[in-house]
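**Student:** Mind having a look at this structure? Questions to follow.
The values are calculated or read from the model by the stated rules, or taken from the named source; none is laboratory data. On a predicted model such as this, the values are computed, not experimentally measured, just so you know. Counting neighbours? That spans all protein chains shown, and the Cβs are built from the backbone with ideal geometry, glycine included. Keep in mind that these areas ignore ligands, DNA and RNA; they rest on the heavy atoms of the full protein, side chains included. Shrake-Rupley method; radii C 1.70, N 1.55, O 1.52, S 1.80 Å.
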Amino acid sequence: PHCIVERSRQLASRLVARARETGDAENSPLAALGACQCAYRELTRWVGASGARELLNRSVAKSLRHHELLREIRLGTSPEPGMEGVAEAVDAHGAPAVARALESVLHTLVELLSRLIGNELAARLLGESTLPSSDDDRSTS
């Protein structure tokens, strides 16, 4: 279990770093939001829009335990996983807190996926093929 959590955290960090490289490097909440949206788009290719949306909803719900400000951020209803209220949350709570909350959502999403299908396949589904190899990739408990 610890291996899944740690490797999920590493993968989530790489996804945020990749989003930061392609977007506004100075804006952490936007990089984290971009990474969440990119992960959602990748997942829709494999599990469909409703499956991806359910995984994202579960990730937000689990992350609420540690990041109450997520109550102010809503998932949009369009096929694109727009998260509404991010700018307002930044104004109210500050960019670092919102970035941590969105990164938590992404980490939780990756962890849920990793527990279902393993770290290596989760990384591939999310478009990240540089996950270091490990003997524990197939461990799901």
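**Student:** Write out, first by first residue and then by second, each pair whose Cβ atoms fall under 7 Å of each other, whose residues are 6+ apart or on separate chains, and whose first residue, in segment 56-67, is closer than 13 Å to Val110 by Cα while the second is hydroxyl-bearing (Ser, Thr, Tyr).
**Tutor:** Pairs that qualify, where the first residue is closer than 13 Å to Val110 by Cα and the partner is hydroxyl-bearing (Ser, Thr, Tyr), are Leu56/Tyr40; Ser59/Thr108; Lys62/Thr108; Ser63/Ser104; Ser63/Thr108.
**Student:** Also, I was wondering about something else. Here is a check on your reading of the model: is Ser13 open to solvent by 20 Å² or more (accessible area, probe 1.4 Å), within 11 Å of the chain's Cα centre (by Cα) and within 15 Å of His107 (Cβ to Cβ)?
**Tutor:** For Ser13, the condition - open to solvent by 20 Å² or more (accessible area, probe 1.4 Å), within 11 Å of the chain's Cα centre (by Cα) and within 15 Å of His107 (Cβ to Cβ) - is met.
**Student:** Among the residues of segment 80-96, is any at pLDDT 85 or above, open to solvent by less than 20 Å² (accessible area, probe 1.4 Å) and closer than 12 Å to Ala32 by Cβ?
**Tutor:** Checked segment 80-96: at least one residue is at pLDDT 85 or above, open to solvent by less than 20 Å² (accessible area, probe 1.4 Å) and closer than 12 Å to Ala32 by Cβ.
**Student:** Quick one: is Leu102 modelled with pLDDT of 85 or more and either surrounded by fewer than 19 Cβ atoms within 10 Å (Cβ to Cβ) or in contact with a Pro (Cβ under 7 Å, 6 or more places away or on another chain) (or both)?
**Tutor:** yes
**Student:** Among Glu54, Glu68, which is the only one that is under 19 Å from Ser114 (Cβ atoms) and open to solvent by 50 Å² or more (accessible area, probe 1.4 Å)?
**Tutor:** Only one candidate passes the filter, namely Glu54.
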